[in-house]
Amino acid sequence: MNLHVPSSTAVALDPAIQKFLDAGPKFLIDGKLVQAQAGATIDIRNPATAQVVAKVPEARAEDIDLAVKAARRAFDQGPWSRLTPAERGKLVYKLGEIIERHAEEFAQLEALDNGKPISESRAADLPIAYNTFYYMAGWATKIAGATLSPSNAGEYHAYTLREPIGVVGQIIPWNFPLMMAAWKLAPALAAGCTVVLKAAEDTPLSALRLAQLIVDEADFPAGVINIVTGYGETAGAALAAHPQVDKIAFTGSTEVGKLIVKAAAGSLKRVTLELGGKAPTIVFPDADLDRAIPGVTLGSFFAQGQVCVATTRIYAHKSIFDKLIEGVRDAASKIRVGPGLDTATQMGPLVSATQLKRVSGYVQSGRDEGAHVQVGGEGLTGSDGYFLKPTILTNANPAMKVVREEIFGPVVVAQAFDDTALDKLAAEANDTEYGLAASVWTQNASIAHKMAKRIKAGTIWINCHHVFDPVLPFGGYKQSGWGRENGAEAIENYLETKAVTMAL
Ligand code: ADP
């Protein structure tokens, strides 16, 4: 819990990053790095110290309009649509290489901007980001329609064409800033769309650094990729409502997801949404606790628990409940909480003062409703940063707010179960408006796969949690969203199907 960064473990910012911050990050619109037209800026704070580390331009409706028009031109008239799939794939692959080449700089920016431990951004955010470009690059040459056989009288030649949807508006959150940008940009570009990406106002630095590297090192035609940042209610809303945008891809809260759907309705844009979650983790009596304890700890506290698929509801059989909770509590109390830019840090601060207030409010609500705080529940003394220690709540019941609502912080709620009837357990796991992810811990393969079938969620992990790969489709059932990112499904998000029928 040492807040003072020992000099041996503090990371000195790469000179290229310092230069980028000092010069003032800019938008990428129509192939050029530009300021916001109104000259407005947003202060970007290091969540570990609450100090301002950069000022970034703030996009308003007029900047969004410029970016959308550039993307429109690049799609309708530009050389982009005339590139071969192989040429497009190469550009997407090369973007992955650019990110990999600058990985350490990006890892530092994520730690500075989001607060996450640099060990995590190096090991998770960065590899996932560039591997997403490598994986999606391969799809550019594999998009294919089908030949079809109509049953009408006469003879026909019929086939489908798979065409890019057009101009895509992409709105991303602050929890995995570069990785979310990669999940959005890579499939859209591989499919042949042009893009306006709006980074989150809390964490725009890595996306704006990517914008700079696209200008300096990539060969995309002007207007194919546009990157801006700004507030949700202004810049985000303008993008979602823009009549020249063909599709919106959004990741964020369920509440804002519903606003996006309303805004998109004006021109009936296509919409995909990756929204909130309240993932259950079910620990059966036969689980290997030597794996389940670190697994549940990681599931709950990775990325400060600010993950839509974080373990938020532990259901453990009563025969192993105490042992599991003691184990997770012990592990949680040893997590080194500190600044993201300290290599010794294992958990950083929450992203913002607002987020700290929100999550702390949930801990208080748990206390008020009778939950017991096993560990955590408080910040770090002597710091202005937005820290909250890893927190475990027990004595919970299904009616509590902390069990029902998404907390989006390092707070996990544990309940014991007695009855191992799978349908009953699955009903408890499914007793939520969300359906993004779940994990199951058991050594019985039959139980594991039966539970996988019964839980209504887009991702099921068995004897693991937080395993991500570009090949694995990711998205939600119920109010966790529409559509899937990653895998072949991600490409589908950016394609229209056209049926062509010729009478012979
Ligand atoms: P979180 O709760 O994780 O901050 P939000 O859903 O508020 O998630 O934000 C995710 C992204 O959505 C951010 O880029 C934010 O700027 C954007 N956003 C917020 N409100 C709106 C809105 N009304 N319209 C469009 N985008 C929005």
*Grab the other residues whose beta carbon is less than 15 angstrom from that of Val245, score K and R as +1, D and E as -1, and report the net.*
+4
*Of the accessible area of the range 280-470, with the probe set at 1.4 angstrom, what percent is carbon plus sulfur?*
48
*Multiply the residue separation of Glu489 and Lys453 by 0.36 nm, subtract the distance between their alpha-carbon atoms, and state the gained length in nm to one decimal.*
11.0 nm
*Could you work out how far the C-alpha centroid of the range 435-452 sits from that of the range 215-259, in angstrom?*
36
_Spin-label model distance (nm) - Asp469 vs His372, 7 Å beyond Cα toward Cβ_ = 4.1
*If you count the DSSP beta bridges with both ends in the chain, what percent of them are antiparallel, to the nearest 5?*
40
*Return the Rg/Rh value of the chain, two decimal places, where both radii are evaluated on C-alpha atoms and Rh is the Kirkwood radius.*
0.99
*Loop GluC sites (Glu not before Pro), the range 330-408 (other Cβ atoms within 10 Å of the site Cβ: 15 or fewer; DSSP)*: Glu378
*Signed unit charges on C-beta, dipole axis of the chain, positive-most listed residue Leu425, Ala48, Ser119*: Leu425
*If you rank Asp384, Asp30 by how much accessible surface each has, with a 1.4 Å probe, what is the order from largest down?*
Asp384, Asp30
*Considering amide H positions built from the backbone, and no H for Pro or chain starts, which residues 5 or more places from Ile42, or on another chain, come under 5 Å of its amide H?*
Val56, Glu58
*Förster radius 60 Å - calculated FRET efficiency between Leu504 and Asp290, Cβ distance, rounded to 0.05*: 0.35
*Gln443 versus Asn397, label points 7 Å from Cα toward the beta carbon: distance in nm?*
3.5
*Solvent-accessible area per residue for the chain at a 1.4 Å probe radius, Å²?*
39
*Sum of side-chain charges, Val413 neighbourhood, beta-carbon under 15 Å (Lys, Arg +1; Asp, Glu -1)*: 0
*asked:* Take Gln35 and Tyr156, extend 7 Å from each Cα along the Cα→Cβ direction, and tell me the distance between the two endpoints in nm.
replied: 5.9
*So how do 260-268, 323-331, 486-494 stack up, highest first, on mean other-Cβ count within 10 Å?*
486-494, 323-331, 260-268
_Under 8 Å for C-alpha pairs, at least 6 residues apart: give me the relative contact order for the chain, rounded to a whole percent._
19
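The values are calculated or read from the model by the stated rules, or taken from the named source; none is laboratory data. Remember, it's a predicted structure, so these values are computed and weren't measured experimentally. Ideal geometry is used to build each Cβ from the backbone, glycine not excepted, and the neighbour counts take in all protein chains shown. Quick note on the areas: whole protein, heavy atoms, side chains included, nothing else; ligands and nucleic acids left out. Shrake-Rupley method; radii C 1.70, N 1.55, O 1.52, S 1.80 Å.
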